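Trainee: Could you have a look at this structure, given as structure tokens, before my questions?
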Amino acid sequence: MLWAQGQGGFRFDETHWPHITLLQQFVRRSRLPEIFAVVESQLEGFSPMTLTVSGVEARGETVQFVIAPHPELQRLHERLMDALAPFDEGDGPPEAFADGDEPPRPRDVEWVRNYRAQASGARYFPHITLGKGVVTEPIASFSFTADRLALCQLGRFCTCRVILREWRLT
């Protein structure tokens, strides 16, 4: 892979967490305790998952690891989408994103606003965003165990910036 330089991207660090998105939506901060309880209730019956990175690809200027289809990951995504739908505010201001060195881009706000309609259910595409760049060579597939779920406040590029609560799959 060839990484873009000076493109206003990000690097993973203690405030930019690599992740596989299960859901994105605007919620009221005052409802977080209820949301935490709902998420916890939906995790029953799920155990750690062995996921496979099947390749690396570029979509536009973004490079990502593609996660091979996994029925339990899809089921968890759909279960959380359904259970958290009543908390979806539909829209939210840029101030809903985590304070940081850079504010969210307008397209970050738009992406979260439209996630349910454009990226969920049959359109769900599990991946791990790596950053801006181009793919210069393929990679060999590899597997890893996903055993943690976190509810995060997003930042610029819809990165996971603040972990609000986390759970372990057992």
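The values are calculated or read from the model by the stated rules, or taken from the named source; none is laboratory data. Keep in mind that what you see is a predicted model, and the values were worked out from it rather than measured. Don't worry about glycine lacking a Cβ; one is built from the backbone with ideal geometry, like all the others, and counts go over all protein chains shown.
Trainee: I'd like the full set of residues that are in contact with a strand residue (DSSP E or B) (Cβ under 7 Å, 6 or more places away or on another chain) and more than 15 Å from residue 124 (Cβ to Cβ), limited to the stretch 55-97.
Mentor: Within the stretch 55-97, the subset in contact with a strand residue (DSSP E or B) (Cβ under 7 Å, 6 or more places away or on another chain) is 55-58, 61-68, 70, 72-73, 97.
Listed by number, the residues that qualify are 55, 56, 57, 58, 61, 62, 63, 65, 97.
Trainee: Can I ask one more? Within the stretch 105-136, restricting attention to residues that are assigned to a helix (DSSP H, G or I) and aromatic (Phe, Trp, Tyr), which residue is farthest from residue 24 (Cα to Cα)? Steps first, please.
Mentor: The initial filter retains those residues of the stretch 105-136 that are assigned to a helix (DSSP H, G or I), namely 106-119, 121-123.
Restricting the remaining residues to those that are aromatic (Phe, Trp, Tyr) gives 111, 115.
Working: 111: 9, 115: 6 Å.
Only one residue fits best here, namely 111.
Trainee: Another one. Has the stretch 89-96 got any residue that is without any contact (Cβ under 8 Å) to a residue 12 or more places away in the chain and within 25 Å of residue 167 (Cβ to Cβ)? Spell out the reasoning first.
Mentor: Residues of the stretch 89-96 that are without any contact (Cβ under 8 Å) to a residue 12 or more places away in the chain, as a first pass: 95.
Next cut, within 25 Å of residue 167 (Cβ to Cβ) only: none.
No, the conditions are met nowhere in the stretch 89-96.
Trainee: Listed residues 72, 57, 102, 78; which is within 21 Å of residue 17 (Cα to Cα), out of contact with any Ser or Thr (no Cβ under 6 Å at 6 or more places or on another chain), among the charged types (D, E, K, R) and not in a loop (DSSP other than H, G, I, E, B)? Spell out how you get there, then give the answer.
Mentor: Numbers: 72 fails: within 21 Å of residue 17 (Cα to Cα); 102 fails: not in a loop (DSSP other than H, G, I, E, B); 78 fails: within 21 Å of residue 17 (Cα to Cα).
The match here is 57.
Trainee: Being under 24 Å from residue 100 (Cα atoms) and surrounded by 16 or more Cβ atoms within 10 Å (Cβ to Cβ) is true for just one of 23, 51, 43. Which residue is that? Full working, then the answer.
Mentor: On the way: 51 fails: under 24 Å from residue 100 (Cα atoms); 43 fails: under 24 Å from residue 100 (Cα atoms).
Going through 23, 51, 43 in turn, the sole match is 23.
Trainee: Next question. How many residues does the stretch 154-166 hold that are buried (at least 16 other Cβ atoms within 10 Å of the Cβ) and either part of a strand (DSSP E or B) or at pLDDT 95 or above (or both)?
Mentor: 4
Trainee: Mind telling me which of the residues 122, 150 ends up being aliphatic (A, V, I, L, M), modelled with pLDDT of 90 or more and in contact with an Asp or Glu (Cβ under 9 Å, 6 or more places away or on another chain)? Step through it out loud before you land on a result.
Mentor: Values: 122 fails: in contact with an Asp or Glu (Cβ under 9 Å, 6 or more places away or on another chain).
Within the list 122, 150, the selection yields 150.
Trainee: When residues of the stretch 60-82 are filtered for being farther than 19 Å from residue 151 by Cα, touching a Pro at 6+ places or on another chain (Cβ under 9 Å) and without any contact (Cβ under 8 Å) to a residue 60 or more places away in the chain, how many remain?
Mentor: 2
Trainee: Could you tell me whether residue 85 is farther than 22 Å from residue 18 by Cα, without any contact (Cβ under 8 Å) to a residue 12 or more places away in the chain and part of a helix (DSSP H, G or I)? Give the derivation first.
Mentor: Values: farther than 22 Å from residue 18 by Cα: yes; without any contact (Cβ under 8 Å) to a residue 12 or more places away in the chain: no; part of a helix (DSSP H, G or I): yes.
In short, no.
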